[in-house]
C-alpha cells in the first residue's frame, strides 16, 4: 500500500515470475543500447567528433578571413563564396546573425570543418540532411564531413542567439 | 505513537476520510506552495497558447521580441516553477500527513516558501519587462539582468530549505517509529528529494558566478562550462519530476483501485537506481558539443549503462501490475484485459493516471532514449523533436499525474468540494490526447529538420532562404490542434482548482467526497503461482517492441546522412 508502511516480510517476498522475466528483458535491452553506441563508433560512419581547439574570436576571425581570401570564387547576397580543394580545412564562422562563407564542396570528398562563433552560442543545422551540432565562441569544433549527396544545403541556426536568430541562414553547395 | 512534544496535540487535526493526523502548520505551507504551482501553471498555459499560435505560422501572432520573451516565461513557469512548487507541496504534505508525524520546523518551511516566491516574482518580473530575453537555458554569454539570476538563486535556496525540512521530518518520524519502513509513496518522494539536493547544488554552482558576472564582478563565464553545469540543474530537475510523478502513480493506483505494488522490494530498488544513475543524464545535452570525449558522453548519457531507463521500465511494470492484481482479486479475471476494461475510467484520477503512464512511456520515454543516444542525437539536437520529447515526458507524464492527484488534494488538503466535478472526467482525456498529438507532431516536425526556439522558419530578412518539406504543413496543423486541445484541458482544470479552492463549498466529511477512494481488494484465497499480471506483461512487451523498433528506425535514418567524424 503506497500510503502505509509495507506489510511484514516484504523484503523476503519472492518476485513474481512475470516481473522477473520483464526485469531480465528490460536489463538486457538497456545494456545492449549501451554497447550499441560503442559498436556504432567502431563500425559506422556517423559519429560526433570531439576534436576541439581552443581559440579566440579574434584568432578565429583572422583564420576565416585568410581562408576566404585564399579560396574565394564570388559573392552571393553579400556573403563570400569559397571553393576549397577536397581534403582541405574549411573555416565556417557564426556570428549574430549570419554564417560565413558559403562553401562549395565536391560530393564524396572529405573536408575538415572548423566551426566557431564570434559572440554567443549558435546551432549548426544542415538541411535537408538534418545534421545538427553546437557552435561555441572560444572553441574551434572540428567536424570532418564527407557529403554523400549533391545539391544545395541550408545551414539553419538552431540555437537561440538573439533577436535576429531567424535571419541566420547560410549555405553549402555540393557539386557532383 | 504519541507526539513527543508537550502540548503538541493542538497542531493536529484528524482527517475524517483517511484517518491521518495532519499537522495543520505543514498543511498551510503545502497549500501555499500548491497555489503557487497552479498560478505558475496558469502563466505557462497562457504563454503556451501564444506560442502555439506563433509557431503555427498560419497565425504567427507574436512579434519577434515577444516570442522569445514569452518562450522564456513559458519554459521557466512550466518546467521549473509549476512543477517544483507542486513538488514542494508534496514533500511537506507527504512527510507529515502520510507519516502521521509533525512538521520539524514550520519557520524554515515558511522561510523557504517565501524565498521561493520572491525568486519567482523576480524571475517573472525581469522576463516580462524585457530584461531577460535569454530563454530558459540563459546560455552565457547571452546576458540577462542581475535580478533574473538572483531570482533563480533565491528560488533554489528556498526550495533547498524545504527539502531540508522534508529530511528533518523523516528523522522525527524515524525517531517516533523505530524499525518501520517508509510507505512507498514517501520513499519515492525521498528519492526525488535526494535528487533535488544534487540538482539544486548544480544550479547554485552555475547561477552564483553568472549572477556575479552580470554585475560585472567576474569578467568572463566560459560558455562550455556554463552549459555543462547548467544542465546539471536543467535535466536533473526533470528527474526530480520523474521520481515524484512515479510516486504519484503508486499513490493513484492505490487511491483509485486499491492497487499495491506486487513487490515493494522491486519498486524500491528501482527508486534507488534513480538516485544512483539518473543525475549524470545532463551529459546528453552535450552530445554534439565540442570538447567532451565520446567515452564521457557514452558513459554518462547512457545514465551509467541505462540503469535509470531500466528503473523506469521496472516501474512501467510495477504500477500497472498493481492495478491489474487488485482488479483480478475483485473477480475481473477473464482473458488478458478484463481488469482494464472494468477499471474505473470515469474517475478522472484513474484515466489521468493511465494516460500519464502511456504518454510518458510510449512518447516521452522512447523518444528520450533516441535523443539521448550519442549518434542519433545528431539528427534531433535542437530540432522541434526535443520539445516534442519533453512534452511527452514532462507535460503528458508529470503534469498530467499532478493534475490527476489534485482531484484528491482539493477535498483532502484544501477541504473543499471540487467545483464542476461533472466535467472532471473529460479533462484528462482532453489534456492527454491534446498533449499526445502535440508531442508526436513536434517530434515529426523535428525529424524534418524544423528548429526549436525559432520565430520564423521562412527566414525572412536572411541572405538565403530554405523551404521545409511541404508535408510539414500538415503536421503544423496537427501541432496547432493538439496544442489548443491541451490548453483547453489545462484551462478547465485550472478553473476547477481556482474556483474550488477560493470560492468552493467546504468539504465537511466523507459524505461530501465526490471522487471515490477505492476499498482495498479482497485478500487472495491462495498463494499465487505463475504470472501475477499477464495483461501487464503483454502491455510491456508491446512497449519494448515499439521501443526497439523506434531506436532501430532512427539509426537507419542516421546512416543515410552525410558521413561525419
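Odds and ends about this structure:
- Gyration tensor (alpha-carbon) shape descriptor, the range B:439-565, a/c threshold 1.5: oblate
- Tail fraction, Cα-Cα pairs, the range B:17-135, threshold 18 Å, whole percent: 57 percent
- Helix B:106-128 vs. chain B, principal-axis angle (Cα, 0 to 90°, nearest 10): 30 degrees
- Rounded to the nearest 500, the 222 nm mean residue ellipticity of the protein assembly as shown from helices alone is -18000 deg cm²/dmol, with -39,500 (n - 2.57) taken per DSSP H run of at least 4 residues.
- For the range A:118-175, the spread of Cα coordinates along the three principal axes comes to 32, 24, 15 Å, biggest extent given first.
- 0 to 90° range, to nearest 10: angle between helix B:184-214 axis and chain B longest Cα axis: 30 degrees
- In the range B:199-333, the alpha-carbon atoms span a convex hull of 114 Å³ per residue.
- Projecting the alpha carbon convex hull of the range B:1-79 along each direction and taking the average yields 8.2 nm².
- When all alpha carbon pairs of the range B:344-517 are counted in 10 Å bins from zero, the resulting P(r) reads 11, 32, 27, 17, 10, 3, 0 %.
- Ratio of Rg to Rh over chain B (Cα coordinates, Kirkwood Rh, two decimals): 0.96
- Estimated at 0.36 nm per residue, the fully extended path between residue B:143 and residue B:426 surpasses their Cα-Cα distance by 97.6 nm.
- Computed from the C-beta positions of residue A:65 and residue B:563 and an R0 of 25 Å, the FRET efficiency is 0.30 to the nearest 0.05.
- Under 17 Å from the residue B:13 label point (7 Å along Cα→beta-carbon), backbone N, the range B:74-102: B:93-94, B:96-98, B:100-102
- Between 0 and 90°, nearest 10: helix B:146-176 axis offset from chain B longest Cα axis: 30 degrees
- Working note: Cα gyration tensor of the protein assembly as shown, eigenvalues times five, square-rooted, sorted largest first, giving semi-axes of 46, 28, 23 Å.
Every read-out reported here was derived from the displayed coordinates using simple, explicitly stated rules and does not represent laboratory data. For clarity, every value in this text was computed on a predicted model and none was experimentally measured. Here the Cβ is made from the backbone with ideal geometry for all residues, glycine too, and neighbour counts use every protein chain on show.
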